[in-house]
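The block underneath contains the structure these notes are about, expressed in structure tokens.
No value in this document is a laboratory result; all are computed from the given coordinates. All values derive from a computational prediction rather than experimental measurement. All Cβ positions, even for glycine, are placed from backbone atoms using ideal geometry, and neighbour counts span all protein chains on display.
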Amino acid sequence: MKIDLLINQIDNHNEANILATKKYKPREVILIYRKEDKEKLKSFIEYYKNNFNEVTLKDINIEEGNIELLEDLIRNNEDKEILVNLTGGSRINSLLLLNIIKELDIKSVYLDIKNRYIYTFHRGVNIDKEDFEDMELNTILKASG
């Protein structure tokens, strides 16, 4: 699967964002964050700069439930092959994103790290077993601020 743009959501645990970036190797990553996640965002950007220097990184502040900004983000990038990672962030924003991208025929994923599955949402749901790499505690702490 060739991905131009991976959209991740920042939250307390960012392992899924890192694993999705490693797996799908996007050219660009946009990080959605909320005001309360600003400090985590700084740490995560630093982690990306040190570990994914070939990836163009952008961030955008979208507060919970702001459907207009979520729609704008997707529509402004429709010319790219987009993958939306629904794993992190707020549940409300994940559900809004799922609804938006379903209407626009855009793929999304949810990484169930604990049980080692990837759920892919695109014209239905595919569930695949995945051997995620075990991330070191130090890596998780650096990425989560």
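What list do you get for ILE106, ILE10, ILE127, ILE45 if you sort them by fewest beta carbons within 10 Å?
Ascending number of Cβ neighbours within 10 Å: ILE127, ILE45, ILE106, ILE10.
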key: Farthest toward positive dipole pole in the chain [+1 Lys/Arg, -1 Asp/Glu at C-beta], among ASN99, LEU73, ILE18   = ILE18
message = Let me spell out the model: positive unit charges on the Cβ of Lys and Arg, negative unit charges on the Cβ of Asp and Glu, origin at the Cα centre of the chain. What dipole size does that give, in debye rounded to 20?
response = 200 debye
request  = Please list the non-local residues whose amide H lies under 5 Å from the amide H of ASP59, H modeled 1.01 Å from N, same-chain partners needing a gap of 5 or more.
outcome  = LEU31
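Counting only DSSP beta bridges with both residues in the stretch 1-115, tell me the antiparallel percent, nearest 5.
Looking only at bridges with both residues in the stretch 1-115, the antiparallel portion is about 0 percent.
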message = Per DSSP helix of 4 or more residues, -39500 (n - 2.57); summed, then divided by the residues of the chain. What does that give at 222 nm, rounded to the nearest 500?
response = -11000 deg cm²/dmol
key: Semi-axes of the equivalent ellipsoid for the chain, Cα gyration tensor, largest first, Å   = 21, 18, 15
